[in-house]
Amino acid sequence: MARWEPDSRGRLRRAALELYGERGFEQTTVAEIAARAGLTERTFFRQFADKREVLFAGSEALEQRLVEAVAEAPDPLSPIAAVARGLEAVGAALPARELARARQEVIAANAELRERELAKLASLAAALAKALRERGLEESHASLAAEVGIAVFRVAFEGWIDASEDREFAELVGDALDRLRALAAEAGPSAAVGGA
């Protein structure tokens, strides 16, 4: 086998997603992933710490891109508009739609992976809240705006990976924000939580 293989990371990721889809995450071994990619287990472990990391690698880069875009948003923008800028920047860095869809199917089928995904989203929300605080937003407002941003991200992402959907991620972020504004307008400024 060649000492250096082009795009070994991408090949391993595609092989893993294929095998997870065919056999299930738990039933797939690192050796099988490496063999499917035409690489060695050693090469696998140079790229990923374990077989879960195939699904979660890149989270740090996504978080960094989100935080940088929020930090670089012009000062006059509202917190939600700054968050929208961050989400649009993240959308530009998403993997191919088919890979993202396959990844989500694997995660949805495994409780441990769903838990890991929720932890990843919580980390993203914490980083987003910190970026908003650094823009001068008060603690509770920053936390609320960050949680809203993550909810918008999830709704847009689910729409983006939907096989019947063909719109860009940024457009779906805009739609989710529009729906959020409409819901807030329905509630009115004096509406009690839970309708009480």
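The values are calculated or read from the model by the stated rules, or taken from the named source; none is laboratory data. Remember, predicted model here, so these are calculated numbers, not experimental data. Virtual Cβ from ideal backbone geometry, glycine too; neighbours counted across all protein chains shown.
Restricting segment 183-196 to residues that are loosely packed, with under 10 Cβ neighbours inside 10 Å and aliphatic (A, V, I, L, M) leaves a set whose member that is modelled with the lowest pLDDT is ALA196.
Only one of the numbered conditions (1) in contact with an Asp or Glu (Cβ under 9 Å, 6 or more places away or on another chain); (2) closer than 25 Å to SER123 by Cα is not met by LEU77, and that is (1).
Quick one: in segment 122-132, of everything that is without any contact (Cβ under 8 Å) to a residue 60 or more places away in the chain and surrounded by fewer than 16 Cβ atoms within 10 Å (Cβ to Cβ), which residue is farthest from GLY58 (Cα to Cα)? Checked segment 122-132; the qualifying residue farthest from GLY58 (Cα to Cα) is ALA126.
Listed here are the residues, each with its yes/no results for (1) within 19 Å of VAL155 (Cα to Cα); (2) loosely packed, with under 15 Cβ neighbours inside 10 Å.
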position: ALA49; (1), (2): no, yes
position: GLU72; (1), (2): no, yes
position: ARG85; (1), (2): yes, no
position: ALA92; (1), (2): yes, yes
position: ARG103; (1), (2): yes, no
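A residue that is of a type in the set (Gly, Ala, Ser) and either in contact with a helix residue (DSSP H, G or I) (Cβ under 9 Å, 6 or more places away or on another chain) or outside the structural domain of ARG13 (by TED's automatic domain parsing) (or both) occurs nowhere in segment 40-51. All but one of (1) closer than 30 Å to ARG36 by Cβ; (2) of a type in the set (Lys, Arg); (3) outside any loop (DSSP other than H, G, I, E, B) hold for LYS130; state the number of the condition that does not hold. For LYS130, the exception is condition (1). Picking from residues in segment 30-74 that are part of a helix (DSSP H, G or I), touching a residue at least 24 places away in the same chain (Cβ under 8 Å) and of a type in the set (Gly, Ala, Ser), the one that is farthest from LYS120 (Cα to Cα) is ALA37. Taken together, the residues in segment 105-115 that are part of a helix (DSSP H, G or I) and surrounded by fewer than 16 Cβ atoms within 10 Å (Cβ to Cβ) amount to 6. For segment 133-150, the set of residues classified as touching a residue at least 24 places away in the same chain (Cβ under 8 Å) and assigned to a helix (DSSP H, G or I) consists of GLU134, HIS141, ALA142, ALA145, ALA146, VAL148, GLY149, ILE150, listed by residue number. Determine whether segment 71-86 contains at least one residue that is within 27 Å of ALA34 (Cα to Cα), under 13 Å from the mean Cα position of the chain (by Cα) and not hydroxyl-bearing (Ser, Thr, Tyr). There is no residue in segment 71-86 that is within 27 Å of ALA34 (Cα to Cα), under 13 Å from the mean Cα position of the chain (by Cα) and not hydroxyl-bearing (Ser, Thr, Tyr).
For segment 158-182, the candidate set comprises residues that are of a type in the set (A, V, I, L, M) and closer than 23 Å to VAL90 by Cβ; within that set, the residue that is modelled with the lowest pLDDT is ALA163.
Against the list (1) in a helix (DSSP H, G or I); (2) without any contact (Cβ under 8 Å) to a residue 60 or more places away in the chain; (3) in contact with a helix residue (DSSP H, G or I) (Cβ under 6 Å, 6 or more places away or on another chain), the condition GLU165 fails is (1).
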